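Here's the structure, in structure tokens; my notes come after.
Please treat every number below as a calculation from the coordinates, not as lab data. Everything numeric in this text was worked out from a predicted model, so none of it was measured. Note that we place each Cβ from the backbone using ideal geometry, even for glycine, and neighbour counts take in every protein chain shown.
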Amino acid sequence: MGQKVNPIGFRTGIMLGWKSRWYASKKEFADLLIEDQKIRKYAHKKYKFAGISKVEIERTRDEVKVILFAARPGVIIGRKGTEVEQLQDDLQALVGRRINIKIEEISDPNMQAQLVAQDIAEQLAKRGSFRRTMKRAMEQTMEAGAKGIKIQLAGRLGGAEMARREKQISGSIPLSTLRAKIDYGFVEAKTAQGHIGVQVWINQGMFFEDQDDGADAQEGQAQKKPKRAYKR
């Protein structure tokens with residue numbers, strides 16, 4: 001029996017920061033946690049074509065700061081920022097607090113596990129071949145510069161009578177190495193035969209890779225001996 005853990009949760013607080021950054025008393029904690037969940041669910045549902053990979057939330061006493069990481073920020077912003085204002089009003093009505101929205105653009109969507117999983121789920125919902133879809137997603141991610149990728153599908157694949165799992169791996173995926181920058185995404189593809197679970201792991205390299213390599217190189221260099229001065 002496999003012992004599996006979410007790679008992001010495994011590294012949170014050690015190598016990664018928290019997605020919700022605020023402090024609350026015991027009385028308020030549960031209510032604020034539910035508010036965060038409502039904000040995330042609403043943003044993902046309304047802008048599912050904007051390619052939102054994650055939503056970070058920061059709270060002060062006066063307002064809630066919502067940071068959206070999106071592959072297509074233009075979909076959220078809209079013409080002259082009208083969509084952002086509408087989203088701000090909707091979220092304020094939803095949670096009853098003042099909302100401040102910030103949008104960050106994702107430079108390479110093929111390196112984000114959640115976006116890769118969403119793309120695979122869309123292809124499966126359109127009745128695409130699951131093996132071809134997996135292969136194409138893996139090739140695009142590896143071409144984008146990933147060190148490794150693992151994709152696992154679970155459900156009635158290809159409309160089969162019995163549910164099963166299919167897994168493909170390319171490159172290296174060191175899940176137990178905390179220094180490895182492993183991104184994880186999960187989406188359910190809604191097909192006519194039932195839901196198919198799509199899991200994606202992407203190895204984006206190592207944390208603090210550049211600094212460590214520089215330090216090791218400096219330590220590894222042998223000290224140069226001073227040149228001898230010969231007297232004639």
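Shown here is the pair-distance distribution of the range 109-214: with all Cα-Cα distances grouped in 10 Å bins from zero up to the longest one, the shares run 16, 46, 26, 9, 3, 0 percent.
Rounded to the nearest 10 degrees, the angle from helix 82-95 to the longest Cα principal axis of the chain is 80 degrees. Ordered by the number of other Cβ atoms lying within 10 Å of each residue's own Cβ, fewest first, Trp22, Trp201 fall into the sequence Trp22, Trp201.
Among Leu91, Leu68, Leu16, the largest mean-square fluctuation in a Gaussian network model of the chain (Cα springs under 10 Å) belongs to Leu16. Take every pair of alpha-carbon atoms less than 8 Å apart whose residues are at least six positions apart; their mean separation over the length of the chain yields a relative contact order of 16 percent. The angle between the Cα long axis of helix 209-220 and the main principal axis of the chain comes to about 10°, on a 0 to 90 degree scale. Ignoring lysines fewer than eight residues from Lys102 along the same chain, the ones with Cα atoms less than 19 angstrom from its Cα are Lys19, Lys38, Lys41, Lys45, Lys46, Lys48, Lys54, Lys65, Lys80. Taken over the range 109-214, lysine pairs spaced eight or more positions apart, or on distinct chains, with alpha carbons under 25 Å apart number 16. The alpha carbon gyration tensor of the range 7-105 gives principal lengths a ≥ b ≥ c with a/c of 1.5 or higher and a/b no greater than b/c, which makes the shape oblate. In terms of Cα atoms, the Rg and Dmax of the chain work out to 22.9, 94 Å. In this structure, Gln140 and Lys38 have a Cβ-Cβ separation that, at R0 = 41 Å, corresponds to a calculated FRET efficiency of about 0.80.
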